[in-house]
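Peer 1: Attaching a single structure in structure tokens format; questions to follow.
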Amino acid sequence: MKILVPIDFSKNSIQALELALGLNRNQKSTIILVHIVELVYDFASQAAIAIDSMYKDSKKLLDDLEKKYASENINFIKIIEEGTASISIARISKQNEASLIVIGTSGAGGIRKLVMGSTTINLLKEAETPVLVVPADADSTQMRKLTMAIQYSNHEKSLFSQIILIQRHWDLELDFLHISEEDNFKDELAGKGLQEFLKEHFEIDSTVITNLVSGSTIEGINSYFEKNNENIIVMCHEHKSLWKHFIESSHSLAMAYQSKLPILVMN
């Protein structure tokens, strides 16, 4: 698996790297460390000097990270480029055929910052690669499951191969969560159909599918993950209603998750 980790040398980006390494454990993986140099300058003569200095400093810091986290199972690729972070990261991910991008958010309000226009939210709009958003203080040793918020929609079918590849690579359990506003027999049947689909196509004999009745999507998500906090939350960018709630209800999500649960966004 190729995993791209944007590095700005902040504590949060290093934590994202550590979580990526922790989840991969003893699996053979390639970690692509990407540092984007973003400059604002007034004089062209100053630009060349500034860029040269930043490239040299960044290369040394990336080299230090490679030495610190060296492992016989990990192959590091280091890339330094100048540009806009979100656009450059999305392009580099595509060019290098990365399976996943792992990016950190900052502070206790990491998710709140994410939905207000940070590099992370811009990356989610630009990237074709799945993006794992890692809030500050997320601990890979506590992660036991991937739980996908599912709507039983046609576009979800194409995501299962990617999700199951990641789930098996990380050796995590895979559960599903469906939230509806009222008890619905159709959802129960859809859940049983999903179990049969997973068994037939991926040889998954058992998985937990929770159909949760809640007055709103956000209340349901909050309720579930408050009680199941060893999860990586999986959300699909094409879930228009879920994504709308995700974007518009940042305060609710920030309070519920306390910036501890990573969110895997499938693009």
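Peer 1: Specify which of the listed residues (SER10, SER99) is at pLDDT below 90, within 24 Å of LEU123 (Cα to Cα) and surrounded by fewer than 19 Cβ atoms within 10 Å (Cβ to Cβ). Even if it seems obvious, please write down each step before you answer.
Peer 2: Details: SER99 fails: at pLDDT below 90.
The unique qualifying residue is SER10.
Peer 1: Scanning for something touching a Lys or Arg at 6+ places or on another chain (Cβ under 7 Å) and either at pLDDT 90 or above or not hydrophobic (A, V, I, L, M, F, W, C) (or both), does region 191-204 turn up at least one residue?
Peer 2: If we filter region 191-204 for residues that are touching a Lys or Arg at 6+ places or on another chain (Cβ under 7 Å), which is where we start, we get none.
The answer is no; no qualifying residue exists.
Conditions tested, residue by residue: (1) under 12 Å from the mean Cα position of the chain (by Cα); (2) buried (at least 18 other Cβ atoms within 10 Å of the Cβ); (3) aromatic (Phe, Trp, Tyr).
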site: ASN122; (1), (2), (3): no, no, no
site: GLU126; (1), (2), (3): no, yes, no
site: THR129; (1), (2), (3): yes, yes, no
site: VAL133; (1), (2), (3): yes, yes, no
site: THR141; (1), (2), (3): no, no, no
site: LEU146; (1), (2), (3): yes, yes, no
site: ILE164; (1), (2), (3): no, no, no
site: HIS169; (1), (2), (3): no, yes, no
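Peer 1: Here is a further query. Please determine, by comparing only the residues of region 102-120 that are of a type in the set (A, V, I, L, M) and modelled with pLDDT of 80 or more, which one is surrounded by the most Cβ atoms within 10 Å (Cβ to Cβ). Steps first, answer last, please.
Peer 2: Residues of region 102-120 that are of a type in the set (A, V, I, L, M), as a first pass: 102-103, 108, 111, 114-116.
Those still in the list that are modelled with pLDDT of 80 or more too: 102-103.
Working: VAL102: 25, ILE103: 28.
Checking each candidate, the answer is ILE103.
Peer 1: Counting just the residues of region 65-80 that are farther than 14 Å from VAL5 by Cα and in contact (Cβ under 8 Å) with a residue 12 or more places away in the chain, which one comes out surrounded by the fewest Cβ atoms within 10 Å (Cβ to Cβ)? Break it down stepwise before answering.
Peer 2: We begin by selecting, within region 65-80, every residue farther than 14 Å from VAL5 by Cα; these are 67-68, 70-73.
Within this subset, residues satisfying the condition of being in contact (Cβ under 8 Å) with a residue 12 or more places away in the chain are 71, 73.
Values: SER71: 14, ASN73: 11.
By that ranking, first place goes to ASN73.
Peer 1: Return yes when HIS201 is out of contact with any Cys (no Cβ under 7 Å at 6 or more places or on another chain) and either buried (at least 18 other Cβ atoms within 10 Å of the Cβ) or over 30 Å from THR30 (Cβ atoms) (or both) and no when it is not.
Peer 2: Criteria not met by HIS201.
Peer 1: Go through the residues of region 81-94 one by one and say whether even a single one is at pLDDT 80 or above, under 14 Å from VAL5 (Cβ atoms), part of a helix (DSSP H, G or I) and of a type in the set (D, E, K, R).
Peer 2: No, the conditions are met nowhere in region 81-94.
Peer 1: Looking only at region 176-192, how many residues end up being surrounded by fewer than 17 Cβ atoms within 10 Å (Cβ to Cβ) and within 30 Å of MET1 (Cα to Cα)?
Peer 2: 0
Peer 1: Determine if region 37-58 includes at least one residue that is part of a strand (DSSP E or B), farther than 20 Å from THR119 by Cβ and modelled with pLDDT under 95. Show your work before the answer.
Peer 2: The first filter runs over region 37-58 and keeps only residues part of a strand (DSSP E or B), leaving 37.
From what's left, farther than 20 Å from THR119 by Cβ: none.
No, region 37-58 has no match at all.
Peer 1: To continue, here is another question. Are any of the residues in region 234-253 modelled with pLDDT of 85 or more and either within 21 Å of the chain's Cα centre (by Cα) or more than 23 Å from HIS155 (Cβ to Cβ) (or both)?
Peer 2: Step one: list which residues in region 234-253 are modelled with pLDDT of 85 or more, which gives 234.
Now drop any that are not either within 21 Å of the chain's Cα centre (by Cα) or more than 23 Å from HIS155 (Cβ to Cβ) (or both), which leaves 234.
There is at least one residue in region 234-253 that is modelled with pLDDT of 85 or more and either within 21 Å of the chain's Cα centre (by Cα) or more than 23 Å from HIS155 (Cβ to Cβ) (or both).
The values are calculated or read from the model by the stated rules, or taken from the named source; none is laboratory data. The model shown is predicted, which means the values in this text are computed figures rather than measured ones. Neighbour counts are summed over all protein chains in view; Cβ atoms, including those assigned to glycine, are modelled from backbone coordinates with ideal geometry.
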